[in-house]
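A quick write-up on the structure given underneath.
The values are calculated or read from the model by the stated rules, or taken from the named source; none is laboratory data. What you see is a predicted model; the values in this text were computed from it and never measured. A quick note on method: Cβ atoms are made from the backbone with ideal geometry, for glycine too, and the neighbour counts reach across all protein chains shown. Quick note on the areas: whole protein, heavy atoms, side chains included, nothing else; ligands and nucleic acids left out. Shrake-Rupley method; radii C 1.70, N 1.55, O 1.52, S 1.80 Å.
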Amino acid sequence: MNGEDAWACLNEAKLPDLCIFDIRMPAMSGLELLQKMRADKHLQAIPVILCTAVSDRNVIVQAAALAVKYYIVKPYTEALVLTQVRNVKETLLQAQIQSEKSKPVAPSVEAVPAAEAAPAVVEQ
């Protein structure tokens, strides 16, 4: 898949939880795709892992400025990529938990029999 095809898929399909792509792609580079994603309000929060042979420090700095979660330089192992995917999954899960904790909770209303609901009367 080239960068333009990836962009088209992102705009036509259900939003992915994570994107993994290379910097060197035909038609549109990975950095160009990433810039377009970050500029789009529907796509900007999607975490991205770059798997690439590009180890140039300037490119890595550009990727970091575009909020790349992980930058993996080739050659890499399947285990390394899967570890980074698990890390992103854990981060997403923790963000979801924090989001749910910060939502206001509606007070629960329980039915209480009238005799129990009335204040206690203390007689001497």
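Descriptive notes on the structure:
- Whichever residue in region 35-66 is of a type in the set (Gly, Ala, Ser) and over 14 Å from Ile23 (Cα atoms) and, among such residues, is modelled with the highest pLDDT: Ala39
- Scanning region 11-30 for residues that are touching a Gly at 6+ places or on another chain (Cβ under 9 Å) and surrounded by 13 or more Cβ atoms within 10 Å (Cβ to Cβ) yields Phe21, Asp22, Ile23, Met25, Ala27, Met28, Ser29, Gly30.
- Count of residues meeting criterion [open to solvent by less than 30 Å² (accessible area, probe 1.4 Å), outside any loop (DSSP other than H, G, I, E, B) and of a type in the set (Val, Ile, Thr)] in region 39-91: 7
- For first residues located in region 47-59 and touching a residue at least 40 places away in the same chain (Cβ under 8 Å), partners that are open to solvent by less than 10 Å² (accessible area, probe 1.4 Å) and lie 6+ apart or on another chain with Cβ distances below 8 Å form the pairs Pro47/Val88.
- Residue list for region 1-38, restricted to those being part of a loop (DSSP other than H, G, I, E, B), under 13 Å from the mean Cα position of the chain (by Cα) and within 13 Å of Val68 (Cα to Cα): Leu18
- Matching residues, region 60-70, being more than 12 Å from the chain's Cα centre (by Cα) and in contact (Cβ under 8 Å) with a residue 24 or more places away in the chain: Gln62, Ala63, Leu66
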